[in-house]
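> Attaching a single structure in structure tokens format; questions to follow.
The values are calculated or read from the model by the stated rules, or taken from the named source; none is laboratory data. Please read all numbers here as calculations on a predicted model, not as lab measurements. When we count neighbours, we look across all protein chains shown, and the Cβ atoms used for this are built from the backbone with ideal geometry, even at glycine.
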Amino acid sequence: MKQLFITGYGKIEDNILLQDHSKPNVGVNEVLIEINSAGVNPIDYKIIQGILKRIKKLSFPAPIGFDVSGIVVEKGEDVTGFEIGDEIYSRVPTDNPGTFAEYIAIDSNVVAKKPANISFEKASGIPLVGLTTIQGFALATIKKGDKVLIHAGSGGIGSFAIQYAKSKGAFVYTTTSTKNIHWVKELGADLVIDYKKENYLNIVKDVDIVLDTLGSNYTKDAFRVIKNGGKVITLIGDIDNETAKELGLNSFIRFLLSIKRMKIDKLKKRKSALYRFIIVEPNAFHLDEITSLIEKEDIKPIIDRVFSLEKSIDALLYLKEGHAKGKVIIRMKS
């Protein structure tokens, strides 16, 4: 089978290679998936660039890709929830990447049946953004009537998170560029801020939750717009101590992180706020919740572009530009 591998850290175009590889064997609790499509996420190119090697170093060549949709073609003897021919989707575990390929074996406990009313391409773009959103808002205990700020509303996570927050009855603020304002409003956002013309800090006040997808000063500024006791959930900001412990980081690394996080901790204390860095976990139950929302059309998956497996470098470079409107997908089957 064909599979994409990371060959080293550095530039995307210099460090990934499409190779022939043996089809994986299936464990007793696993299903073998013939992959139709795979979603591309920022974590993919960040791993190649070495941004995450402080958390986990790779042994090269290393497989790449975490989001997948496809068909069950084989199953282990202890698998009871799936049959040959089932259409599925999944976010594979961090220690089992490799969805930029023609086949992958996955533990059946993290697999869910694909929503019946959408294509494989759309389904493959859902797991990581969907699980990030659900698990992030679960940390923040989102509820009806909450005021929520979601940055980068036209991106993969932003476009999903807006729809999910609205399904929970929240009032949603979001930021986007001029050309995407109308489109983002159609996703359900209540107040869309054109960041090219307006400063959101002058508009957003006393929100309950900020979903921080941008990091840097946006993380710190989140504490300016939340109310006392508000919640900041970040995908890209400094790692909080609770998450550092969950990651199994040693005490010295946690000490270094605490120094780096001093400003955040002061802002958190000043606002009596919750601050958490979200680590996404594969979760079939959450995927089933997403399936229900999609089949009720409370959430509509958004695709920006679809690339072939042979054009994977182009897909990663395009996503890295930061202008995708929805999800970028790699399709294995023509």
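> In segment 180-195, what residues are part of a helix (DSSP H, G or I) and within 11 Å of ILE150 (Cβ to Cβ)?
Selection gives VAL184 alone.
Matching residues to (1) in the same structural domain as TRP183 (by TED's automatic domain parsing); (2) at pLDDT 90 or above; (3) not in a helix (DSSP H, G or I):
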{"position": "ASP238", "(1), (2), (3)": "yes, no, yes"}
{"position": "THR243", "(1), (2), (3)": "yes, no, no"}
{"position": "ILE259", "(1), (2), (3)": "yes, yes, no"}
{"position": "LEU267", "(1), (2), (3)": "yes, yes, no"}
{"position": "HIS286", "(1), (2), (3)": "no, yes, no"}
{"position": "LYS311", "(1), (2), (3)": "no, yes, no"}
{"position": "LEU317", "(1), (2), (3)": "no, yes, no"}
{"position": "LYS320", "(1), (2), (3)": "no, yes, no"}
{"position": "LYS325", "(1), (2), (3)": "no, no, yes"}
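> Right, here's the next one. Looking at ALA123, ALA152, ALA170, which is the one that is under 22 Å from ILE303 (Cα atoms), in contact with a strand residue (DSSP E or B) (Cβ under 8 Å, 6 or more places away or on another chain), at pLDDT 95 or above and not aromatic (Phe, Trp, Tyr)?
ALA123
> Among the candidates TYR173, TYR164, which residue alone is more than 21 Å from ASP44 (Cβ to Cβ), in a strand (DSSP E or B) and not hydrophobic (A, V, I, L, M, F, W, C)?
TYR173
> Can I ask one more? Name the residues in segment 222-236 that are within 19 Å of ILE150 (Cβ to Cβ) and assigned to a strand (DSSP E or B), would you?
Once the filter is applied, which keeps residues that are within 19 Å of ILE150 (Cβ to Cβ) and assigned to a strand (DSSP E or B), segment 222-236 yields ILE226, LYS227, GLY230, LYS231, VAL232, ILE233, THR234.
> Right, here's the next one. For the condition modelled with pLDDT under 95, out of contact with any Asp or Glu (no Cβ under 6 Å at 6 or more places or on another chain) and not assigned by TED's automatic domain parsing to the domain that holds ASN15, what is the one hit in SER159, SER59?
When all the criteria are applied, what remains is SER159.
> Exactly one of these conditions fails for SER59: (1) under 30 Å from LEU214 (Cα atoms); (2) touching a residue at least 24 places away in the same chain (Cβ under 8 Å). Give me its number.
(2)
> For residues that are over 23 Å from the mean Cα position of the chain (by Cα) and part of a loop (DSSP other than H, G, I, E, B), tally how many sit in segment 196-221.
Looking only at that region, the number is 8.
> Let me ask something else about it. Please specify each residue of segment 306-328 satisfying the condition of being β-branched (Val, Ile, Thr) and out of contact with any Lys or Arg (no Cβ under 7 Å at 6 or more places or on another chain).
Passing the criteria: only ILE313.
> Return the total of residues in segment 28-60 being buried (at least 17 other Cβ atoms within 10 Å of the Cβ) and more than 18 Å from the chain's Cα centre (by Cα).
The number of residues fulfilling the criteria is 7.
Okay, residues lined up against (1) β-branched (Val, Ile, Thr); (2) touching a residue at least 40 places away in the same chain (Cβ under 8 Å); (3) surrounded by 17 or more Cβ atoms within 10 Å (Cβ to Cβ):
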residue: ALA189; (1), (2), (3): no, no, yes
residue: ASP206; (1), (2), (3): no, yes, no
residue: LEU214; (1), (2), (3): no, yes, yes
residue: THR219; (1), (2), (3): yes, yes, yes
residue: ALA222; (1), (2), (3): no, yes, yes
residue: ASP240; (1), (2), (3): no, no, yes
residue: LEU247; (1), (2), (3): no, yes, no
residue: PHE252; (1), (2), (3): no, no, no
residue: LYS260; (1), (2), (3): no, no, no
